[in-house]
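The values are calculated or read from the model by the stated rules, or taken from the named source; none is laboratory data. Keep in mind the model is a prediction, meaning the values are calculated, not measured. Backbone-built Cβ (ideal geometry, glycine too); neighbour counts: all protein chains shown. We work out accessible area using only protein heavy atoms, side chains counted, and drop any ligands, DNA or RNA first. Shrake-Rupley method; radii C 1.70, N 1.55, O 1.52, S 1.80 Å.
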Amino acid sequence: MKKADYSILKYLTPYRVFNVLQLYISFMLTRILGKVIHLGKPMSLSIEPTTACNLACPECPSGLKQFTRNTGKLQLDFHKTMLSQVKSHVFYINYYFQGEPFLHPEFLTLIREGKKSKIYTSTSTNAHFISKEKAKEIVASGLDRLIISIDGLTQETYAQYRVNGQLTKVIEGSTFLVEAKKDLGSKTPHLVFQFLVVQPNEHEIPAVFSLAKELSIDEVRIKTAQLYDYKNGNPLMPENNEYSRYILGKNGEYQLKGEQGNHCWKMWSGSVFTWDGLVVPCCFDKDAQHVLGDLKENEFGQIWKGPRYRSFRKSVFSSRTQIDICQNCSEGTTVFSE
């Protein structure tokens, strides 16, 4: 079930369109010529509101409290500084990296500031903190897209991955959001049920589509799971290989599906800001091990064109398989959306 969301198009100013063209053309020239050519600035960002999380999911360093970096929350003034440096070219911000965004006490203030800069705003949540009143505040904030993690249709299957979570809270919060949209006459946020397929819940895939239809959720996304320990198999790996990122190789070990060439569109199109201003290449660098700059020390424009970013892009195009965060990267693999 997929309901198209074309509202993002209204955020494409002439300059932003020109910037996207620069990014795409320079990326394609790099692939064709084998020499890094980089024009333009990122069209999208992930900004991390907080690293704190209420759950303990087994494949998440945030939930397992395994970060070497500090736990904290994004300060409002610092966020305004971030926006001032990117708003001319960025038209999409995912206010999520690690952690549960709604644990940030002023999270919706971040969303409202993003909207002031005429940017499409999105986030992802486990929906444990959405009361009836909070749902109305979310809708009123102007948030464009809200991804709700619902990785099981019974408490037993849900809790096997979303450890310490309560399915009833997810369904209740989702219901409140649908009601708030109707009450306020709003088409936003575009509500997405995201179902992360693991072995304990794969038999419930049909049920998530039925529930979404029953609740009037706009879209369902069936997503494959990133597993850290996968080479010798993993109890979370789905039995139906269609829903797995991994396939059994001739050497008897599991490997990532598809071919990982020496290229990565994300190194042209986007970037990630941690709550404390570190700039990292993408969402796979969860513990910020490849810091390309610090927004407390330099403006983003300097970092984006700086020596560390240039060096990392060059490494991706010469020896991507040697970069640790790229070895389990799903770029180019299948993410199901129906």
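Tabulated data
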quantity	calculated
Surface/4 of the Cα convex hull for segment 71-153, nm²	6.0
For segment 160-223: rounded, prolate or oblate by the Cα gyration tensor [a/c cutoff 1.5]	prolate
Anisotropy class of segment 1-130 from Cα gyration tensor, a/c 1.5 cut	prolate
Ranked by how many other beta carbons lie within 10 Å on average, peptides 245-254, 278-287 from highest	278-287, 245-254
Sulfur and carbon atoms: percent of accessible area, segment 267-329 [1.4 Å]	49
D (Stokes-Einstein, µm²/s), Kirkwood Cα radius, segment 91-226, 0.692 mPa s at 37 °C	217
Kirkwood-based Rg to Rh ratio, segment 40-98, C-alpha trace	1.06
Set of lysines with alpha-carbon distance to K80 below 17 Å, sequence-local pairs under 8 removed	K115, K116, K118, K296
Amide hydrogen neighbours beyond the local backbone of Y120, cut-off 5 Å, H modeled	Y92, I93
Nearest-0.05 FRET efficiency for D77 and T13, computed from C-beta distance (R0 22 Å)	0.30
Residues of the chain: accessible area per residue with a 1.4 Å probe, Å²	46
Segment 162-290: C-alpha gyration tensor shape, a/c 1.5 cut-off, then a/b vs b/c	oblate
Solvent-accessible surface (1.4 angstrom probe) belonging to D229, in square angstrom, nearest 10	100
Label point distance in nm, N164-I25, each placed 7 Å from Cα along Cα→Cβ	5.1
The chain: radius of gyration and largest Cα-Cα distance (Dmax), Å	19.8, 58
Where a label projected 7 Å from the Cα of S84 along Cα→Cβ would reach, residues of segment 270-303 with amide N under 13 Å	299-300
Rg/Rh (Cα only; Kirkwood hydrodynamic radius) as it applies to segment 249-328	1.04
